[in-house]
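Let me begin by handing over the structure; questions about it come next.
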Amino acid sequence: MEGQVALVTGGVRGIGLAISDRLAARGVKVAAGYSRDAESAKRFCDAHPGSTIHQGNIGSNEDCERVVDEVLEQHGRLDILVNNAGITADKTVRKMTVDDWDRVVQVNLSGAFYLSRAILQHMLDRGSGRIINISSIIGESGNIGQANYSAAKAGLFGLTMSLAQETARKGITVNSVAPGYISTEMVAAVPKEALEKVVAKIPVGRLGEPTEVARVVEFLADPDSAFITGQVYSVNGGQYM
């Protein structure tokens with residue numbers, strides 16, 4: 001993987017940062033996307049010479065196309081796309097606004113489509129590429145108060161399988177990773193009692209670590225994983241089987 005280039009959206013915090021770090025450790029030049037956290041983006045860039053950072057709104061097709069153009073201009077190639085960025089706006093369907101629905105679906109699902117489409121011709125021309133969509137256990141199981149998030153993350157499975165079939169003979173693989181409850185800032189914000197109830201339902205008895213998700217992404221991004229496409233890899237401690 002030495003010398004390859006990866007675009008990791010939401011790549012400067014949480015699971016995205018763990019993915020960026022893991023790929024960088026393999027010699028990959030990481031183009032890390034972010035929306036607002038300029039401080040984390042700067043820290044990432046300082047820690048990984050040769051990598052770049054790219055600010056934009058993943059829910060905007062124009063921003064996605066611009067970021068892809070920036071990466072290609074600065075690095076000359078793009079081998080790996082990790083669609084990791086996501087947001088939540090949790091409410092029951094009865095209380096959820098149309099804006100709550102649209103924002104979450106736009107970022108969590110449409111953004112993956114925008115970026116995949118923007119980079120696809122480059123990968124087709126080169127005859128190789130890896131697209132990895134970070135979904136969620138909530139896309140598999142559903143969850144009270146997360147209809148928008150669940151629908152978007154479930155939609156990534158359909159996007160993954162369809163794009164995998166379209167590109168299978170072109171040297172491009174497309175796969176999904178579905179993390180369970182991972183020890184990130186987002187999960188840390190969950191009230192203690194509620195989090196304890198979640199952990200009690202995880203067979204391995206603990207939250208996952210971002211590095212455990214990153215390890216699966218690294219595996220799928222590796223050139224030796226060329227016969228794996230259209231699959232979902234769950235990283236959830238056995239919580240959903």
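Need a quick list: helices (runs of 4 or more DSSP H) entirely within the range 97-180 having at least 3 residues that are at pLDDT 95 or above and of a type in the set (A, V, I, L, M, F, W, C).
98-105, 111-126, 147-167
Something else about it: Report whether or not Gly230 is open to solvent by less than 30 Å² (accessible area, probe 1.4 Å), of a type in the set (Gly, Ala, Ser) and more than 28 Å from Val98 (Cα to Cα).
Spelling it out, Gly230 is indeed open to solvent by less than 30 Å² (accessible area, probe 1.4 Å), of a type in the set (Gly, Ala, Ser) and more than 28 Å from Val98 (Cα to Cα).
Do you know which of the residues in the range 77-96 that are part of a loop (DSSP other than H, G, I, E, B) and touching a strand residue (DSSP E or B) at 6+ places or on another chain (Cβ under 8 Å) is nearest to Glu2 (Cα to Cα)?
It comes out as Asp79.
If only one of Arg36, Arg66, Arg43, Arg117 is basic (Lys, Arg) and either within 22 Å of Ser176 (Cα to Cα) or in contact (Cβ under 8 Å) with a residue 60 or more places away in the chain (or both), which one is it?
Arg117
Among the residues of the range 7-32 satisfying the criterion of being among the small types (Gly, Ala, Ser) and over 12 Å from the mean Cα position of the chain (by Cα), which is least open to solvent (accessible area, probe 1.4 Å)?
Within the range 7-32, the match that is least open to solvent (accessible area, probe 1.4 Å) is Ala31.
With a cut-off of at least 2 residues that are closer than 21 Å to Ala152 by Cα and among the hydrophobic types (A, V, I, L, M, F, W, C), name the strands (runs of 3 or more DSSP E) lying wholly within the range 1-66.
Counting at least 2 such residues, we get 5-8.
Can you find even one residue in the range 165-178 that is surrounded by 22 or more Cβ atoms within 10 Å (Cβ to Cβ) and touching an Asp or Glu at 6+ places or on another chain (Cβ under 7 Å)?
yes
Right, something else. If I go through the range 184-241 residue by residue, how many of them are in contact with a strand residue (DSSP E or B) (Cβ under 9 Å, 6 or more places away or on another chain) and of a type in the set (Lys, Arg)?
The total comes to 1.
When you look at Asp69, is it at pLDDT 95 or above, out of contact with any helix residue (DSSP H, G or I) (no Cβ under 6 Å at 6 or more places or on another chain) and either open to solvent by less than 50 Å² (accessible area, probe 1.4 Å) or not in a helix (DSSP H, G or I) (or both), yes or no?
no
Conditions tested, residue by residue: (1) of a type outside the set (D, E, K, R); (2) within 16 Å of the chain's Cα centre (by Cα); (3) surrounded by fewer than 21 Cβ atoms within 10 Å (Cβ to Cβ); (4) under 19 Å from Asp222 (Cα atoms).
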{"site": "Tyr34", "(1), (2), (3), (4)": "yes, yes, no, no"}
{"site": "Gly76", "(1), (2), (3), (4)": "yes, no, yes, no"}
{"site": "Val82", "(1), (2), (3), (4)": "yes, yes, no, yes"}
{"site": "Met96", "(1), (2), (3), (4)": "yes, no, yes, no"}
{"site": "Tyr114", "(1), (2), (3), (4)": "yes, yes, no, no"}
{"site": "Leu120", "(1), (2), (3), (4)": "yes, no, yes, yes"}
{"site": "Ser128", "(1), (2), (3), (4)": "yes, no, yes, yes"}
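Could you count how many residues in the range 158-167 are more than 15 Å from Ile80 (Cα to Cα) and touching a residue at least 60 places away in the same chain (Cβ under 8 Å)?
Looking only at that region, the number is 2.
Please name all residue pairs, on different chains or six or more residues apart, with Cβ atoms under 7 Å, provided the first residue is in the range 134-156 and is free of Cβ contacts under 8 Å to residues at least 24 places away in the same chain and the second residue is in a loop (DSSP other than H, G, I, E, B) and not basic (Lys, Arg).
Partner pairs satisfying both residue conditions: Ser150/Gly142; Ser150/Asn143.
Please indicate, with yes or no, whether at least one residue in the range 137-160 is out of contact with any helix residue (DSSP H, G or I) (no Cβ under 7 Å at 6 or more places or on another chain), among the small types (Gly, Ala, Ser) and loosely packed, with under 14 Cβ neighbours inside 10 Å.
Yes, the range 137-160 has at least one match.
Testing His48 on (1) crowded, with 16+ Cβ neighbours inside 10 Å; (2) over 20 Å from Gly86 (Cβ atoms); (3) at pLDDT 95 or above, one condition comes back false. Which one is that?
(3)
The values are calculated or read from the model by the stated rules, or taken from the named source; none is laboratory data. Keep in mind that what you see is a predicted model, and the values were worked out from it rather than measured. All Cβ positions, glycine included, derive from the backbone under ideal geometry; neighbour counts span all protein chains shown. Remember, those area values only see protein heavy atoms, side chains included, never the ligands or the DNA or RNA. Shrake-Rupley method; radii C 1.70, N 1.55, O 1.52, S 1.80 Å.
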